[in-house]
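Have a look at the structure below before the remarks.
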Amino acid sequence: MRILLLRPSQETSQFGLAPFFQTEPLGLLYLAAALRQAGHSVTLADMRFERRSIPQILRASQPGLVAISCLHILEATTSLRLADQIKAHNPKIFVALGGHAISAYPKAVDLNRSIDAICIGEGEALLPALCYAIANDRPLDTLPSLLLPKGDGHFQATTVQPGRFLDLAQMPLPDRGVVARYQKRYACLNYMPMWTMETARGCSYRCNFCSVWQLYKRTYRCHAPEQVRADFEATGRNLFMVDDLFWADRNRSEELGHTLLRSKERKNLLLVQTRADLVTENADLLELWRPLAKSFDIFFGLESHTSPGLNSLVKDADINKTVEAVRIARELGFGVTGNFIIDPDFTEADFQGLWDFLDEHQLYRVGFTILTPLPGTYFFEQSKKKIDVFDWSQYDLHHLLWEPRLGVERFFELYCESWRRSVLNIAGKKKWWQWLRQVRVRDIPRLAKILARTQTLMDPQAYVEQTKPLRSRSLPPVSECSNDTVSTEALHGA
């Protein structure tokens, strides 16, 4: 069977650095490998970089089935538009929709008549089974983890119980051949081309803003070490390991580190994501892994500058671990990058406390996102009564979904001041000539674009203009703010 895999572009990307973090659609590469193993012919179109129209792509690939991956809720509208275009071109093409966001919240595509099936969860086993059923005219309601249209615009799950999660040790390596034409476009800031790989899947923690652990039922599964080594050797000089929880399994991480060190392959950049407490508990593991790359960066979900703030996010963490993890990582020669979540309920004292924490620990390679209940999380269901905005294009973690305590304009003044204190401010912590010392001459034009774009992150009016109407709320005053406010003079003099 001929199959076309589609990676949609996002509906909006006005704020943030999303255009400069464009990485391989790794999930689709695993799907391509599984489909080829089942004997199917596979092509992939990454619509973030495609100049061809959908009809042109369909005429070139002649698919019997098109699978669209909706990784983030921002891509829901675009995914449905692609489905409509496919059906308009040829109504006989079977259109399947899957991916993390839709698996977590399939209601996002209700009332669309162009979707023939919604695939829930991991597709490496489900999609080949779906293709087999279609090719052999078998009933689709015999497949698990599938939602089928009821005829009224809504979707209904089949009655077949899903099986256990996949054994990652038995999976084939991702098929990177299907994205060879786009490879040079994949990037993380000024590092390009960029490759991605996975060594483990899932998360056993329970942060309230995250849908990963809910989708995978708090499971954590690993690829076989030799399998990871083969993929490590197949990727290029800049590599992002996309695991949500690096170094989570101590014994397996030690075995994997030794396995990779036996390879001759070394990277220019290696980027991983993990929690602060995993670093404090496994400093010797970090030391073991450090020789694998010239530059080795750790992205921390720092989230809050206080222990009560971490508790409110159900991080199951302590701020002392954050401080200790940063110290350990720096001492061992790792780059430290992270993100803080800004709660719309922040007071001026909360913002000032965050800035003091950044200065005390010299945390300037950080980003800031607004607390956003993503569809598919328990937090979303709990927050529905106060959410004013259900336009998915606003769920980019840089928009307000309800009225903040400080009011929209003041909130964004202080939110932008947080960005102004980061390394991205070319007039602030790091001057443009300091940036240039760290980059190759050929990267300068791209870096200039990145720095130009980041200035929008520090423009309060840009956010205010994009804010949807919000209901006014009368929030109780916070006594701690009365003697610890942030003046306009302090903003400009900081």
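The values are calculated or read from the model by the stated rules, or taken from the named source; none is laboratory data. All values reported here derive from a predicted model rather than from experimental measurement. Cβ sites come from the backbone with ideal geometry, for glycine too, and all protein chains shown count toward neighbours. To get the accessible areas, we keep the full protein, side chains included, count just its heavy atoms, and leave off ligands, DNA and RNA. Shrake-Rupley method; radii C 1.70, N 1.55, O 1.52, S 1.80 Å.
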(message) Within the chain, what whole-number % of the accessible surface is contributed by carbon and sulfur, with the 1.4 Å probe and all protein chains included in the calculation?
(response) 51 percent
(request) Go ahead and estimate [θ] at 222 nm for the chain from helices alone: -39,500 (n - 2.57) per DSSP H run with n ≥ 4, summed, over the residue count, rounded to 500. (result) -10000 deg cm²/dmol
(request) Find the centroid of the Cα atoms in region 230-272 and in region 343-377, then give the distance between the two in whole Å. (result) 30 Å
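Report the charge-dipole magnitude of the chain in Debye, nearest 20, computed about the Cα centre from +1 at each Lys and Arg Cβ and -1 at each Asp and Glu Cβ.
Working: 59 positive and 56 negative charges, 393 e Å.
Rounded to the nearest 20 debye, it is 1880 debye.
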(request) With the Cα gyration tensor of the chain in hand, give its eigenvalues times 5 under a square root as the equivalent ellipsoid semi-axes, listed largest first in whole angstrom. (result) 37, 28, 22
(request) May I ask you to list the aspartates and glutamates whose Cα is less than 16 Å away from that of K294, ignoring any residue fewer than eight positions away on the same chain? (result) E233, E265, E331
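So what's the net charge close to L292: Lys and Arg +1, Asp and Glu -1, counting the other residues with Cβ under 13 Å from its Cβ? Mind showing how you got there, number by number?
Working: positive: R229, R237, R262, K264, R266, K267, R290, K294; negative: E233, E265, E287, D297.
Result for the local shell: +4.
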(message) Among C207, G236, S263, which residue has its Cα furthest toward the positive end of the charge dipole of region 160-294, with +1 on Lys/Arg Cβ and -1 on Asp/Glu Cβ?
(response) G236
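Under a 1.4 angstrom probe, counting protein chains only, how are M47, M241 ranked by accessible area, largest first?
On the way: M47 35, M241 0 Å².
Final ranking, largest accessible area leading: M47, M241.
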(request) For each pair in K217/K384; K321/K468; K385/K468; K315/K385; K386/K468; K321/K385, compute the distance between the two Cα atoms and list the pairs where it is over 26 Å. (result) K321/K468; K321/K385
(request) Name the lysines eligible as straight-distance cross-link partners of K92: C-alpha to C-alpha under 25 Å, and not fewer than 8 places from it in the same chain. (result) K107, K150
(request) Roll a 1.4 Å probe over the protein chains and send me the accessible area per residue for the chain in Å². (result) 44 Å²
(request) Please list K150, K92, K315 in order of solvent-accessible area, largest first, computed with a 1.4 Å probe with all protein chains present. (result) K92, K150, K315
(request) Take the alpha carbon atoms of region 32-53, find their center, do the same for region 108-156, and report the distance between the two centers in whole angstrom. (result) 19 Å
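Based on alpha-carbon atoms only, what is the radius of gyration of region 269-310 relative to the globular estimate 2.2 N^0.38 Å? Display every interim value, and only then the final one.
Numbers: Rg = 12.1 Å, N = 42, 2.2 N^0.38 = 9.1 Å.
Here the Cα radius of gyration is 1.33 times the empirical estimate.
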(request) Please list, in chain and number order, the residues 5+ apart from L332 or on another chain whose amide H is under 5 Å from its amide H, with Hs placed from the backbone. (result) none
